[in-house]
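Okay, so here's the structure we're looking at.
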Amino acid sequence: MKDVLLTRYSLLPFLYTLFHRAHLHGDTVARPLFFEFPRDVATWELDRQFLWGRSLLVTPVLEPGVDSVTGYVPQGTWYDFYTGTSVNSSGEMLKMSAPLEHLNLHIREGSVLPTQKPGTTTGMTRGNPLRLTVALSSHATAWGDLFWDDGESLDTFEKGNYSYVVFNVTQNIFTSTVLHANTEATKVTIDTLSIFGVQEPPSKVLLNGQEKPFSYLDNQVLTVSDLGMSLSQGFSLQWL
């Protein structure tokens, strides 16, 4: 159960951003699958799975004493949150391993999820480096955003005491664009970028034009660590 709690802590930046969008635009945070896939009749009566935002599919275990769960995966490419392994679905039920310490999570193609190294409390987690997880679409594009403030004050958006960053991927270039920043953004760094669905191993990776070491796995996951980029700084990363 500890692992599941740490997973929740790691997702706090993503969840916090979803609540900001709910406050600003009236978006839903947790939503049924038919909200995103209204033309897929198979989603209309699903009541044992849900999405966080449009990007994260949650398939919980709701029965006692079982070690697997069957869930629906809508059409498209989805990536295992933990490993980056892709699932190319035509819209089908999938049996998933579900030991006690594991929660099945899948990222929708075309998404960028901001996560954070988890601490033992939410307060300790906030001071840890950020990790960005990119789930490439079939067109090798992705988009995401991050809302960040001090985590305590009220009306930070209305008072301008916040940071807002947009992430884009196109043509093998990841860009982080700071649309609004305050001093809180200087207190946290983006340390790791993991890109799911990179079809070919790159020959080099460039961070703001400077070559960086990287790793590439057989399941098409590219990872660049030790970025050390302040959240208040825009940057680009290209793989060739």
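Where a number appears in this text, it was derived from the coordinates with a stated rule and is not lab data. Because the structure is a prediction, the values reported are computed rather than measured. Every residue, glycine as well, gets a Cβ built from its backbone with ideal geometry; the counts of neighbours run over all protein chains shown.
Under 25 Å of direct C-alpha separation, and excluding same-chain neighbours fewer than eight residues apart, K204 reaches these lysines: K212. Stretching R21 away from Q210 to a fully extended chain increases their span by 64.6 nm, per 0.36 nm per residue minus the current alpha-carbon distance. From the Cα gyration tensor of the range 111-239, with a ≥ b ≥ c the square roots of its eigenvalues, which class applies: rounded if a/c is under 1.5, or else prolate if a/b is larger than b/c, or else oblate? Judged from the Cα gyration tensor, the range 111-239 comes out prolate (a/c at least 1.5, a/b above b/c). Dipole of the chain computed with +1 at Lys/Arg Cβ and -1 at Asp/Glu Cβ about the Cα centre; of T115, T125, I190, farthest Cα towards the positive end is I190.
Take every pair of alpha-carbon atoms less than 8 Å apart whose residues are at least six positions apart; their mean separation over the length of the chain yields a relative contact order of 16 percent. How about the range 1-93: which GluC sites (Glu not before Pro) there lie in a loop by DSSP and see at most 16 other Cβ atoms within 10 Å? Answer by residue number: E45. One quarter of the surface of the convex hull around the alpha-carbon atoms of the range 37-134 equals 7.3 nm², the direction-averaged projected area. If you run the Gaussian network model on the chain, springs between alpha carbon atoms under 10 Å, then out of G84, G151, G26 the most flexible one is G26. Translational diffusion of the chain was estimated from the Stokes-Einstein equation, with Rh taken as the Kirkwood radius over Cα pairs; at 10 °C and 1.306 mPa s the coefficient is 85 µm²/s.
Enter the Cα centre distance for the pair the range 79-125 and the range 141-159, rounded to the nearest angstrom. Cα centres, the range 79-125 to the range 141-159: 22 Å. Judged by the mean number of other Cβ atoms found within 10 Å, the most tightly packed of the peptides 56-66, 165-175 leads the ranking 165-175, 56-66.
With contacts taken as Cα pairs under 8 Å and at least 6 residues apart, the range 111-239 reaches a relative contact order of 24 percent.
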